[in-house]
1. Normalised by the empirical 2.2 N^0.38 Å for globular proteins, what value does the Cα Rg of segment 103-156 take?
2. Out of segment 1-104, which GluC sites (Glu not before Pro) are coil in DSSP terms and have no more than 15 other C-beta atoms within 10 Å?
3. Say R0 is 30 Å: what FRET efficiency, to the nearest 0.05, do Glu149 and Asp61 get from their beta-carbon distance?
4. Could you check the simple spin-label distance between Ile171 and Ala35, using points 7 Å along Cα→Cβ, in nm with one decimal?
5. Rounded if a/c is under 1.5, else prolate if a/b is larger than b/c, else oblate: which is segment 161-200, with a ≥ b ≥ c the root eigenvalues of its Cα gyration tensor?
6. Determine the distance separating the Cα centre of segment 68-83 from the Cα centre of segment 122-196; give it in Å without decimals.
7. Taking amide H atoms as placed 1.01 Å from N in the peptide plane, list the residues 5 or more away in sequence, or in a different chain, whose amide H sits under 5 Å from that of Asp30.
8. Using a 1.4 angstrom probe, figure out how much accessible area the chain has per residue, in square angstrom, rounded to the nearest whole.
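The values are calculated or read from the model by the stated rules, or taken from the named source; none is laboratory data. Since this is a predicted model, take the numbers as computed values, not measurements. Please note: Cβ atoms are built from the backbone with ideal geometry, for glycine as well, and neighbour counts cover all protein chains shown. Remember, those area values only see protein heavy atoms, side chains included, never the ligands or the DNA or RNA. Shrake-Rupley method; radii C 1.70, N 1.55, O 1.52, S 1.80 Å.
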Amino acid sequence: MLKVGLTGGIGAGKSEVSRLLVACGAVLIDADRIAREVVAPGTPGLAAVVEAFGAEVLAADGSLDRPKLGSIVFADPEKLAVLNGIVHPLVGARSRELEEAAPEDAVVVHDVPLLTENGLAALYDLVIVVDADPGTQLDRLVRLRGMTEDDARARMAAQATREERRKIADIVIDNDVPLPDLQARVREVWADLARRERTE
C-alpha cells in the first residue's frame, strides 16, 4: 500500500485532482467528508460538540449549525482548540479504519486540506501539492464559489503560504493550466504512484 497525502490551497483545484486520481484507480479518504460524518446527528461526536458549546450550535432539525459554530470558534483560538480536540481524533480514527479496509496493493490518497498547517507530512509515504497562482485561486473563489473578494482573500491568508506547501511536496501538480493539461499531468503522476506502490 502506498499512502499519499494530497493538499493544496483553497481554490487551487485539489478536489478536481482527487477526482481524477480516483478515476485512475486511487482509493480516496477525504478528511473534510469524514469531519462532517463524525458530527452527524446521533453520533458521539455531535453529542460531545453540544456538551462543549451548548445546544445553540444545533439547527432546528438537530444537525450541527456549522455557520453558528464557526462564528463561535473562529473568533476564539481556545474554543477552536476545544473543537479540534473533539473532531480531529475522530477523523483520525475513521481515516485509519478506511485505510485498513483498502486492498493491500492500493494507492490510498488522503485528501487533507490542512496537511501543511497541521504538520502531517510525515504520516504519508509522499505528499502531493496541488499548486496554483494566488490570482487564479482568488478568481476561482469569487467566480465559481460566489465568495466576496475580501472573504476569499481572508480564507487564503488563513492558510499556509504557497512556499510552505511547496516545501513539503514530493510531487507538485501545477493547476494554472487548461483541464486537458491537468488530466495529462494527473495520469503521469498516477503512473509514477503505481510504479512506487509496486516497488514498496
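1. Working: Rg = 15.0 Å, N = 54, 2.2 N^0.38 = 10.0 Å.
That works out to 1.50 for segment 103-156.
2. Details: sites: Glu16, Glu37, Glu51, Glu56, Glu78, Glu97, Glu99, Glu100, Glu104; in loops: Glu104.
Counting only loop positions with at most 15 other Cβ atoms within 10 Å, the GluC sites (Glu not before Pro) in segment 1-104 are Glu104.
3. Details: r = 33 Å, r/R0 = 1.10.
About 0.35, to the nearest 0.05.
4. Inter-label distance under the simple model: 2.4 nm.
5. Oblate is the answer for segment 161-200, as a/c is 1.5 or above yet b/c matches or exceeds a/b.
6. 27
7. Hits under the 5 Å cutoff: Asp111.
8. 54
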